[in-house]
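Below is one structure, written out as structure tokens, with a few remarks after it.
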Amino acid sequence: MKTSHYLKTYVSLCVTLLLAFSLSAQTGFTEFSGKVVNGNSKKGLEAVSLNINETNISTITNSEGEFVIKVPNEYLDSKVMVALLGYNTRVIPLSEMSQNDNVIKLYEAVTQLSTVSISTFKDAKNLVRKVFENRENSLDDEYVDMTAFYRETIKRRNRNVSLTEAVVNILKQPNTSAQRDIIQLGKARKSTDYKRLDTVSVKLQGGPFSTIYLDIMKYPDYIFNDETIDSYEFSFNETSTINNQNVYVVDFMPKNNELNINYIGKLYIDAQSLALARADYSLDVSDMKKTKNLLVKKKPSSIEVYPLEANYKVDYKAKNGKWYYSYSSLDLKFKINKKRQLFNKVYTLSSEMAVTDWEITTVDRKVKSKDRLKPSVIITDAISGFSDPNFWGQYNLIEPDKSIESAIEKIKKNITRQKERERKQKSANGKP
């Protein structure tokens, strides 16, 4: 099985433990914000999809259930579809929503596929094989232009030390094509507090590629292929729903430790089309000897890196009978030890990307090499963007969690203090 290169990080000790374009530019838009909660517990719901009907404009909620969605004024007569796996979907006219403080309640769906329906397949593995063998039937085999919002955070313990945000344009290649997806950078901003990193700095190689390669329907070899699928056990779990449609839930885990990389997780398969609607899985890190330095591409000999957690997620959306990549995220937690020294640091790296608009194109749009991001890219620092509250303009993004909002506020304050110091220095030097 191929080693998943999108998982790899760089490590070095001197400040390097390296671990868009709007499709339809609008001059006028209205912003709606609020929170999606469980209708019974009132707890905020994470990763809820909000999609404007008759368009491909969408966003998702953050870990606290909060959202912001920017709607071009020409679509203000539309409705927003609010959907989450395992919950009944709601469709709400935008005219019934206020611009701020909306509270949308979702209620858990109670569904059960019949035993006859499940017994159509000899076992869960046969169903999974069918999903990947017939992916041409469920996926649109055309070029798709996508606008997406990407965020990457790095924490030492529970403190943010690095934050990167970007709007990117993705040219998704046909799923049957061997060509890899192309990503162009639109707007980006990034800040890193190296003081909190001590002698170690963490950066994610690949930026948006770290999430796009989680699209296992486009890149199935990263987890299941003809050679590795037999090394996993598959079993049916309780059925669920997504967008008010029934889905099979298939658990999978390795039979043994014969693979270099083992995953444990769930596949959510649309019962009608047999398309993959979602996948949640984790790297098996139980064998520390086997996983030591597994996610590291390069490091000093004095450093050892142990993954403590590695969690992945990918979501797809259906339209006109076809399924499209919609969202993916990864969360890595790892410990860094330095030989012969009392050096033990724990870092968390998270990245996520949500498609906020897209359109099918029949043309293989040519993108010059100089305009393409490379899988080895590290997003260029653009710290000045954090001082501008309207930095993103009409672009949709994922509403930041409280910890990220706090980090952004600190960045803004640092910029203000730096400008004040520069002003005083110029004044002391007699300059206007």
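The values are calculated or read from the model by the stated rules, or taken from the named source; none is laboratory data. Keep in mind that this is a model prediction, so the values were computed, not measured. Note: ideal-geometry Cβ built from the backbone for every residue, glycine included; neighbour counts use all protein chains shown. Ligands, DNA and RNA are stripped out before the accessible areas are found, and what is left, the full protein with its side chains, is counted by its heavy atoms. Shrake-Rupley method; radii C 1.70, N 1.55, O 1.52, S 1.80 Å.
Mind listing whichever residues of the range 45-54 are surrounded by fewer than 18 Cβ atoms within 10 Å (Cβ to Cβ) and at pLDDT 90 or above? Even if it seems obvious, please write down each step before you answer.
If we filter the range 45-54 for residues that are surrounded by fewer than 18 Cβ atoms within 10 Å (Cβ to Cβ), which is where we start, we get 46, 53-54.
Those that are surrounded by fewer than 18 Cβ atoms within 10 Å (Cβ to Cβ) and at pLDDT 90 or above: Glu46, Asn53.
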Surrounded by 19 or more Cβ atoms within 10 Å (Cβ to Cβ) and more than 21 Å from Tyr222 (Cβ to Cβ): which single residue out of Lys313, Lys299 fits that description? Lys299
Tell me which of these Val103 doesn't satisfy, since it passes every other one: (1) modelled with pLDDT under 90; (2) surrounded by fewer than 17 Cβ atoms within 10 Å (Cβ to Cβ); (3) under 26 Å from the mean Cα position of the chain (by Cα); (4) among the hydrophobic types (A, V, I, L, M, F, W, C). (1)
Considering only the range 84-92, I want to know if a residue exists there that is under 22 Å from the mean Cα position of the chain (by Cα) and either at positive phi or outside any loop (DSSP other than H, G, I, E, B) (or both). yes
For the range 360-383, check the following and say yes or no: at least one residue is outside any loop (DSSP other than H, G, I, E, B) and at pLDDT below 65. yes
Leading residue by the ranking (nearest to Arg135 (Cα to Cα)) among those in the range 269-315 that are modelled with pLDDT of 90 or more and acidic (Asp, Glu): Asp270
Could you tell me whether the range 216-232 includes any residue that is open to solvent by less than 30 Å² (accessible area, probe 1.4 Å), β-branched (Val, Ile, Thr), out of contact with any Pro (no Cβ under 7 Å at 6 or more places or on another chain) and more than 18 Å from Asn311 (Cα to Cα)? yes
Within the range 142-176, take every residue that is of a type in the set (Ser, Thr, Tyr) and surrounded by fewer than 21 Cβ atoms within 10 Å (Cβ to Cβ) and give me the one that is modelled with the lowest pLDDT. Thr176
Residues in the range 197-215 that are in contact with a Ser or Thr (Cβ under 6 Å, 6 or more places away or on another chain) and either open to solvent by 10 Å² or more (accessible area, probe 1.4 Å) or modelled with pLDDT under 90 (or both): how many? 4
Open to solvent by less than 20 Å² (accessible area, probe 1.4 Å) and at pLDDT below 90 - does that describe any residue in the range 20-31? yes
Open to solvent by 10 Å² or more (accessible area, probe 1.4 Å), on the phi > 0 side of the Ramachandran plot and part of a loop (DSSP other than H, G, I, E, B): which single residue out of Leu274, Leu294 fits that description? Leu274
